[in-house]
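The values are calculated or read from the model by the stated rules, or taken from the named source; none is laboratory data. These numbers were taken from a predicted model, which means no experiment stands behind them. Just so you know, the surface numbers come from the protein's heavy atoms only, side chains and all, with ligands and any DNA or RNA stripped out. Shrake-Rupley method; radii C 1.70, N 1.55, O 1.52, S 1.80 Å.
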Amino acid sequence: DDDVWFKFTATAAAHLLKISDIQNAHGNSPYRNVQVFEAVNNAPGGNILCAEMTMDQKALTGLKVGTTYFVRVSAWAENVRINFKLCVSTN
């Protein structure tokens, strides 16, 4: 109920997924669930990353250049809303 979806197209085999300016409306828990899916028919398909991120960044490797990927971010607990910025970049 609190998932946010993003998508990006890989321009290199490795990207850095960074979450910053995190503001949790219900406490200061650093946990957020992050999943990355490879697109299949322009929809989320194969899951390539599933993590409870306590750090602000995660390396994504083994990506296919020109392929679209979906990123799903959600709070760790139910009914918790977080505000954040998401950046996907290459080094």
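The figures follow:
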read-out	value
Segment 4-41, residues that are modelled with pLDDT of 75 or more and either open to solvent by 60 Å² or more (accessible area, probe 1.4 Å) or of a type in the set (Lys, Arg) (or both)	5, 6, 7, 9, 11, 18, 40, 41
3 or more residues open to solvent by less than 30 Å² (accessible area, probe 1.4 Å) and modelled with pLDDT under 85: qualifying strands (runs of 3 or more DSSP E) within segment 47-91	68-75
